[in-house]
Amino acid sequence: MQPARTLRDAYNAADPAVPLPSGDPRYVDCTDVRGERDVVQQMLKTITWSASNTAQLLTGHRGCGKSTELLRLKARLEEAGYAVIYFEADEDLDVNDIIYSDLLLGMARRIESQLRQEHDIALDPKLLENVQHWFAEVLYTEDGWRQVQRELEAEATLGVGLPEGVPILARLLARVTGQIKTGHDVREEIRRKLDPQISLLIENVNLLILRATERLRRQGRRGLVLLIDNLDRITLRQLDTGRTSHEALYVDHGEQLRALACHVVYTVPISMVYSPMATQLKAVFPHCAVVPMVKVARPEGGGYAEGLARLQEMLARRIDLDALFTGEAVEHLCRTCGGHPRDLMRLVTYACIHAPAERWPRPIDLQVARRAEAELVEEYSRLIPEAHYPKLARVHLRHVVENDADHQLMLYNLSVLEYLNGPPPWHDVHPAVRCLPKFEEALKRERAEMGLA
Amino acid sequence: MSERKWDWPDTPAARQNLETLSALARAIGMAAAGRFVLLLAKCNVPAQQEVLAEQLRAMLEPLDVELVEVDVAGAVSDLLSHLKAHLEPSGRPHEPAEAHRPEPVEAHRPEPVEARHPELVEGSPLVQLQPATAVAEPRVPYSAYPPLALSVHGLAASFRSDDPHPPLLAHLNLGRECYRELGCPLVLWLPDYALTRLAREAPDFWAWRSGVFEFVPQPEMAESALRQVAYEPELVTSSLDAAAKRERLMLLEQLLADYRELGAGPREQDVQADILWKMGGLHQDLGEYEAGRQAYREALEIKQQLGDRAGVAQTLHQLGNVAYLQGDYAEARRLYGESLDIAQQLGNRAGLAATLHQLGMLAQGQGDYVEARRLYQESLDIKQEMGDHAGIAATLHQLGMLAQAQGDYAEARRLYGESLDIAQQLGNRAGLATTLHQLGMLAQDQGDYAEARRLYQESFDIKQQLGDRAGIAITLAQLALLEEAEGNLERALDLTRQAQEIIVSLGNPEHIARIQQQRTRLEEKLQGATPGDHHG
C-alpha cells in the first residue's frame, strides 16, 4: 500500500474506526515507547512458561490498540505451536446484558465451531452426543427436547443456518446462544436452569476441550488458547445485588471463568482495574496486562522524543508526511493526541477536512493542526461533567488516580490516560482536556491550594 | 461550487454555518468508495436542520454525491434496521454486485438509487443477517456503488431528555461494527443535549466519529420557529393530541437550547422564559407535574431577574395550579395569594379573574360552597366585562358543579350546557371533555345510566387523544362507579385498578386515598365480606 499523497487519500488512510489486522505493514511496534514491557511478550510468556492452564486479563483504553495487540498475540501463539480460538464477545453475546453462564455458553459454542472449521478437528460423535444429552436434560423437559430436536433436525435436512453435516450439538449451541443474544423470552429461563448446574456445564465444556487438546497434541500442537476480545465493552450497569455488571462478571464469577481446561485471555475494561474491587480482581486474576498509551511526555515534565517519533512513524506508514504536512504540524498533532493512536488518526482526519486544497505541497501547517486540535478540545468538553474538573486538576499534578467511581469514569471516557515507564503506571490528563478553560481554572485553584505558584 | 448563488442571509452566524457546512461537505466528498464515515452534526432546531441539509445536498451535487435524507419519526431503538429498510426499495432480483470496487469511476453517474444498489434488495445476504451463523460472510457495503451519503433527521425523539436509558444509545454503542455495513458516510443530526448524551453514553460509537460539525443558531430561523410554537394560543396547544404535545415539547426544548446559545440579552432571556412557560403548560396537560413545576420555576427565576412583575404573577399562578393538581393545597393558596397581590397592584384584571377562579376551586374542595360561589361570581363578572370566553366557560362549569353538589340538577344542566356551547365554539377540546364528564355524572345521579355511559365514553375518548392522564383517571373511576351501580362488581374493580395506577403516578395524596377507598370497598363487596355496604 502506497502512503497517501493527497488529502483525500490521507483522510481515508486515517480512519479512526478500523483496527489493524496482524501482520499489516502499517503496524508500528510501540512496545518500547508504551513502557518497558511488551504486553504481547508478557502474555505469551505467561502461557508458554506455565505448566498449568492460565487465565489472564488484558486491558487498556478504548482505541489504544488492544485488538491489534491481541491479534498479534494470536499470530505469535500460532508460531509457537498453539491452536488459537479468537472471537469478539459482542458478536455472539448481548454485551448490554451478559452474565457468566452466557459467556461460558458462548465459549463452548466457539470452541466446537472453530475447532471444526478452522482446525479441522471433528470431535468424537459419542462425546458430542453425551454433552448434547446433558444440555437437553438441563434445559428442556422431555417433550420440549423432542420438539427442539425435531426442529434442529429439520434445519439440518433443509440446510438452514449452519452447513450440512454439522453435529446437532453445534446447532443446539447456536440456537441457545442466539436466543440469549437476541434477548429472547427464554433467556431468563436458560440462565435459571444453568445457574445451579454451572460446575457441570464447565465439566462438560472441559470434556470437549480435553478431547480437542488430545487431538491437537497428536497434530503436534502445544495446546489450546482462547482469546476473547471486546468483552471490555460490556455495559457498566448497577445491578440489584449492589454490584456493577463488571464486578459481577469478573470478580463474583471469576473463579468460574478461570475453570476452563485451556489458556484464556479475557479483555476487561480499564476502569475495572481501578475500581474499588481492584484488589479482589487481582486475587482472582493475578495476570493482568495493560496496553498503555504511547508516552508523549515525561511525568516530570518535558516531551518524550522517542514516543513522538514513533507516533510520527505510525502516520508515515499511512501518509506521505513530507507531501502533506509541515514538520511542526505533525509534531503538534502527535503531542495533542496524548499518545492515543485513535485520537491521532482523528486529528489527521480533521486536519485533512480543514486543509486548504489549493495549497501544495504541505497544505497542513501549524494553523490547520491547531484548528484540528480545537475541534478535539471542543469534543472533550462535551464529555466532562462539571464535577470532574477539580479531580482532573489533581490527577494532572499528582499523576495518580484513585480507585473510585469518578476516576473510573475519567479513565473510561479517556479524559485521563495511563502511561507506563516500568511499574507502577502513571496517569495524566488528556492534552486536549488540558486546553479547556474550565480545566485551567481548576488547575489554578488546585495549585493555589497546594501552595504552588 | 462558487458559481451557485445561495439565498443565504449575510449574518455572522450564517457565514459561520456556511463554513461548517463546507467542511461537512468535504468530509463526505473525500470518503473513499464503500467506506463508512460517521459524521455528527449539532443543530438544535429541526427547521434549521432542514435548510442546512438542503444546502448540503446542493454542495454535494457537483461532487456527484447523492444525499439521501432519512427522517426518523418517533423513537427508534435499532437505527440500522431503519436505515436498511430505507435503503431497500421495491424487490429487484439480487445480482452479485461488483461489491468491492476500490475507487469511484468518474463516468458512472447517478441513476435511481435502486439501480445503483442492486445488493440492497431482498435476497441479499445483508438482509438475512444470521447472528447464529459462525462462518462470517464477506460483508457487502450498502453503497457498493458510490456515491451516496445518508443524512438522518428526527433522532431527538429517540433521546428524550427524561429517559434515563434510551435504548438507541445502547444499540449504537454495542452495534457500532454493524454500521460499517452501510459503507457510506452517515450524518446524524442531533440537538446539543442529544449529542452530549451520545458522547457520554455511547462512548464506543462516539469513538468512531470522523467529525463533529456544530452549527450555531441563526436568530432569524429561531425567531420563525419561536412564532410557530412558543406563541401559539393556549387553547390551540392544550387541544393538541398527546403525540403532538410530546413533539411540541421536544421542539421547545431544542428552541430553548438555541436561545441559551444566543446569549443572555434581555430579549433572549425573555424568550427563554416564554419557552419554559409553554413547556410547563404542556407538561401539566400531560400530567407530568414535577417536570411542569421545574419549567415554571426556571421561568419564574428569569422573570424575576428581568423585573417583569406581570410575568412573575402569571408564573406564580401557574405554579399554584401545579401545586393544586398535586394536592398541596396550602402551597397552592400561598402561591395564588402572592400572584393575586401583584395582579391587584398592577391592576391586571385578567390575572385577577384567573386567580379568583382558582381560589374558588380551593374553597369548593374544602366544602365551603358559599365562599366558592362568591369567588366564582367575582371572577365571572370580570371575565364577562373583558369578553374572556374561555374563562367564562371554565367558571360556568365550576358553578354547574356547585349546583349539582347541592342537588339543583336543572340549574347544573343549564350551566354545563352553556359552558359546553362556548367550548365547542372555541374548539376547546379539553374543556369539552371535562364538561361532558360532568354531564355524565349528572345523568348518573338522575339514574339515566345509558346516557351517563355514552357521555363518559365521549369524554374519555377526547381525553385519551389529548393525553390528559388526570382526566382519564377521573373518568375511569367514575365509570367504575357506574358499573358498580349496575351490579358489575368485577368490571368496576378492574376499572378502579386502572384509574388507581394513573392516580398513584400523578401523586395527589387526596386522590390516591380516595381511589384506594373505592378499591377496598369494591374488593370487600366482591368477597361478600361486608354485604350491603354503603356506597360513596
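In table form, for the structure just shown:
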| read-out | value |
| --- | --- |
| Residues being away from chain B (no Cβ under 14 Å), closer than 18 Å to A:Leu231 by Cβ and of a type outside the set (A, V, I, L, M, F, W, C) - total across the stretch A:97-130 | 2 |
| Of residues in the stretch B:25-54 being surrounded by 23 or more Cβ atoms within 10 Å (Cβ to Cβ) and without any contact (Cβ under 8 Å) to a residue 40 or more places away in the chain, the one farthest from B:Phe215 (Cα to Cα) | B:Met30 |
| In the stretch A:33-43, residue nearest to the other protein chains (Cβ to nearest Cβ) [restricted to those that are touching a helix residue (DSSP H, G or I) at 6+ places or on another chain (Cβ under 7 Å) and in contact (Cβ under 8 Å) with a residue 12 or more places away in the chain] | A:Val39 |
| Verdict on A:Val160 being β-branched (Val, Ile, Thr), within 14 Å of chain B (Cβ to nearest Cβ), at negative phi and part of a helix (DSSP H, G or I) | no |
| A:Leu152 being touching a Lys or Arg at 6+ places or on another chain (Cβ under 6 Å), on the phi < 0 side of the Ramachandran plot and modelled with pLDDT under 90 | yes |
| Which numbered condition A:Leu231 fails, given (1) over 22 Å from A:Asn96 (Cα atoms); (2) within 14 Å of another protein chain (Cβ to nearest Cβ) | (1) |
| Positions within the stretch A:419-435 being under 20 Å from A:Leu347 (Cα atoms) and buried (at least 20 other Cβ atoms within 10 Å of the Cβ), in sequence order | A:Asp428, A:Val429, A:His430, A:Pro431, A:Ala432, A:Val433 |
| Helices (runs of 4 or more DSSP H) wholly inside the stretch B:423-485 that include at least 3 residues being polar (S, T, N, Q) | B:429-445, B:449-466 |
| Count of the stretch B:368-418 residues which are buried (at least 18 other Cβ atoms within 10 Å of the Cβ) and not in a helix (DSSP H, G or I) | 1 |
| Candidate set: the stretch B:203-225, residues that are more than 14 Å from chain A (Cβ to nearest Cβ) and buried (at least 20 other Cβ atoms within 10 Å of the Cβ); chosen: the one farthest from A:Leu344 (Cα to Cα) | B:Ala225 |
| Counted residues, the stretch A:13-27 - those being under 14 Å from A:Ala316 (Cα atoms) and buried (at least 19 other Cβ atoms within 10 Å of the Cβ) | 2 |
| Residue in the stretch B:124-146 that is modelled with pLDDT of 50 or more and closer than 29 Å to A:Leu376 by Cβ present | yes |
| In the stretch A:8-29, residue nearest to the other protein chains (Cβ to nearest Cβ) [restricted to those that are under 26 Å from A:Ala297 (Cβ atoms) and out of contact with any strand residue (DSSP E or B) (no Cβ under 9 Å at 6 or more places or on another chain)] | A:Pro19 |
| Test for A:Asp92: is it within 14 Å of chain B (Cβ to nearest Cβ), closer than 30 Å to A:Arg346 by Cα and in contact with a helix residue (DSSP H, G or I) (Cβ under 8 Å, 6 or more places away or on another chain) | yes |
| Helices (runs of 4 or more DSSP H) enclosed by the stretch A:213-310 - at least 1 residues per element that are out of contact with any Asp or Glu (no Cβ under 6 Å at 6 or more places or on another chain) and either in the same structural domain as A:Arg398 (by TED's automatic domain parsing) or surrounded by fewer than 17 Cβ atoms within 10 Å (Cβ to Cβ) (or both) | A:254-258, A:278-284 |
| Residue in the stretch B:209-229 that is touching a strand residue (DSSP E or B) at 6+ places or on another chain (Cβ under 6 Å), among the hydroxyl-bearing types (Ser, Thr, Tyr) and in contact (Cβ under 8 Å) with a residue 24 or more places away in the chain present | yes |
| Qualifying position, being modelled with pLDDT of 95 or more and in the same structural domain as A:Leu315 (by TED's automatic domain parsing), among A:Arg371, A:Arg362 | A:Arg371 |
| Any hit, the stretch A:174-185, residues being away from every other protein chain (no Cβ under 14 Å), assigned to a helix (DSSP H, G or I) and either in contact with an Asp or Glu (Cβ under 7 Å, 6 or more places away or on another chain) or touching a residue at least 12 places away in the same chain (Cβ under 8 Å) (or both) | no |
| Residues that are outside any helix (DSSP H, G or I), hydrophobic (A, V, I, L, M, F, W, C) and away from chain B (no Cβ under 14 Å), drawn from the stretch A:346-393 | A:Trp360 |
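The values are calculated or read from the model by the stated rules, or taken from the named source; none is laboratory data. These numbers come from a predicted model, not from an experiment. All Cβ positions, even for glycine, are placed from backbone atoms using ideal geometry, and neighbour counts span all protein chains on display.
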